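In what follows, a single structure is set out as structure tokens and then discussed.
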Amino acid sequence: MASDLDQLFELLRFPSISTDSRRAGDVRACAGWLDAKCREFGLDSGLHETAMHPVVVARNEHREGLPTVLIYGHYDVQPVDPLELWDSDPFEPVVRDGRIWARGATDNKGQHFAHLLGVGKAMAEDGGLPVNLTLILEGEEEIGSPNLRPFLEQNRDFLACDVIAVSDTGMVAPGVPTMGYGLRGIACCEVVVRGPARDLHSGLFGGAVANPATAVARLTASLHEPDGRVAVEGFYDDVRPLEAWEREMWAKVPGVADGDFLEVTGSLALFGEPGYTAAEQTWARPTAEVNGIGGGYQGEGSKTVIPAQAMAKYSFRLVPDQDPADIMQKVRRHLERHAPPGVTVEVIGGHDGRPYIADPHSRFGKAAQGALRKAFDREPVLIREGGSIPIIEDFREVLGADTLLLGLALADAQIHSPNENFPVANFEAGIRLNRALLRELAGA
Ligand code: BES
Ligand code: ZN
């Protein structure tokens with residue numbers, strides 16, 4: 001059989017970009033490959049159709065009396081542009097400096113395939129698994145999992161489980177086992193500001209009509225106070241305050257001091273809500289971000305024009321107990337209230353997801369920490385995550401189970417960016433982690 005790394009490389013060669021409809025065939029082929037791999041490892045596996053990309057569900061034979069563990073991952077990836085900034089082909093993986101370089105290497109193919117390999121090895125070497133296993137690999141995580149919740153609702157009994165394990169989050173530093181017990185939620189929107197009926201000569205009409213690009217800049221600036229706090233009325237109403245034990249614990253976590261954030265981001269200075277460290281700002285405080293802004297002439301030289309319209313894309317990261325629908329309503333109200341005269345403002349809602357938080361010291365939480373300790377031979381750290389995986393809160397709502405976030409993504413993995421990478425050591429640790437995890441969960 002091909003080596004572990006060769007098998008991962010096969011998986012990484014599929015350009016399974018879920019947002020790009022031209023890649024739908026590649027997304028499907030990737031799912032087919034995983035389905036076949038699960039069978040090869042001795043699992044009962046099938047492809048399940050959704051309104052868009054298929055879900056792979058694989059199981060061992062479930063036996064009475066064993067805990068049922070659901071492992072989730074996603075086989076879709078983000079687009080690769082700007083392609084010219086990659087040092088090698090994003091879909092032709094290579095190992096350089098001990099790291100695997102490819103789109104999806106960390107997010108999430110390398111991480112979920114480590115679990116799958118761990119399962120495959122246990123099946124081959126031990127003749128079976130110490131738990132009932134259900135494996136779900138979806139193809140729509142990077143576009144907000146639009147079809148997975150309905151799939152969960154339709155297959156509640158088939159997917160019933162005691163606990164869920166996911167490796168799709170961060171690891172604070174190389175070799176430091178990291179367990180996440182929280183994720184931020186998200187609410188996305190786009191604003192389109194329209195002014196004159198067509199682009200206008202800015203000499204003939206400038207000064208006499210409102211400029212939509214100026215209006216977008218004003219609206220965007222209105223989202224924050226100068227000190228970095230979010231200025232949307234009522235935005236912080238439902239924010240659960242950070243607990244003292246968390247702040248104390250996080251202060252001791254390696255790799256996440258303010259200086260580390262400064263270094264890994266390559267920013268000139270840190271800037272954010274006053275009174276919190278960078279780790280606290282990203283893990284436990286809500287934010288407003290501008291993900292894109294545009295309008296008017298962007299080409300070479302200058303063109304004296306008043307654009308007929310301008311746009312911006314915003315996303316809001318949310319923490320317990322904020323509700324995405326409620327936040328979006330507050331944002332709409334804010335944008336309406338701050339719309340300058342002479343333009344119309346259309347707010348188009350995008351995808352969203354609820355924040356997630358669990359007790360890291362639950363029975364299964366302790367078992368997961370035991371597995372991390374065994375796989376890395378070091379005491380695990382407990383963190384929350386700044387990123388979002390909306391389906392995790394859906395798992396709790398629909399399946400009634402908590403998720404153990406066993407992240408293997410380093411801060412410099414460059415996920416969603418050019419030159420995404422995953423250390424070979426993390427891949428190997430992920431395989432060990434899975435084997436230890438299933439044993440620890442069986443005894444929990
Ligand atoms: N795996 C990431 C989320 C992540 C990465 C969490 C690192 C914590 C640490 C996931 O694939 C992702 O990118 N999620 C999106 C949300 C989605 C709705 C587009 C995100 O967080 O932007
Ligand atoms: Zn991602």
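The numbers here are math on the coordinates, done by the rules we state, and not lab data. For clarity, every value in this text was computed on a predicted model and none was experimentally measured. Virtual Cβ from ideal backbone geometry, glycine too; neighbours counted across all protein chains shown.
Some points to look at:
- Hydrodynamic radius of segment 35-137 per Kirkwood, over alpha carbon pairs, in Å: 15.4
- Working note: Debye formula, equal point scatterers on the alpha-carbon atoms of segment 126-225, no solvent; log10 I(q)/I(0) at q = 0.10, 0.12, 0.13, 0.21 Å⁻¹ is -0.63, -0.75, -0.80, -1.25.
- Sequence-distant residues sharing a close amide H with Gly350 (under 5 Å, placed H): Cys188, Cys189, Glu190
- Whichever lysines have a C-alpha closer than 19 Å to that of Lys109, once near sequence neighbours (fewer than 8 apart) are set aside: Lys37, Lys121
- Of Leu372, Gly407, Ile357, farthest towards positive along the dipole that unit charges on Lys, Arg, Asp, Glu beta carbons give segment 353-408: Leu372
- In summary, the lysines within cross-link reach of Lys252, defined as a Cα separation below 22 angstrom excluding same-chain residues under 8 places away, comprise Lys366, Lys374.
- Given charges at Cβ of Lys, Arg, Asp, Glu: segment 223-333 dipole, positive-most of Val239, Phe261, Pro226: Pro226
- 5 Å binning of all Cα-Cα separations within segment 68-123, expressed as whole percents from 0 upward: 4, 17, 22, 22, 16, 9, 6, 3, 1, 0
- For the chain, the dipole from Cβ point charges (+1 on Lys and Arg, -1 on Asp and Glu) about the Cα centre works out to 320 debye, to the nearest 20.
- Spatial separation of Cα centroids for segment 24-92 and segment 177-215, in angstrom: 36
- Cα pair distances exceeding 18 angstrom across segment 254-408, given as percent: 72
- Fraction of beta bridges assigned by DSSP in the chain that are antiparallel (%, nearest 5): 70
- Cα Rg, Dmax (largest Cα-Cα span) when computed across segment 176-309, Å: 20.4, 63
- Separation between Cα centres of segment 293-364 and segment 144-175, rounded to whole Å: 26
- Sequence ranges 120-132, 257-269, ranked by mean other-Cβ count within 10 angstrom, highest first: 120-132, 257-269
- Choice from Asp168, Asp199, Asp26 with maximal GNM fluctuation in the chain (Cα, 10 Å cutoff): Asp199
- Above 41 Å, the calculated P(r) of the chain contains 20 percent of its Cα-Cα pairs.
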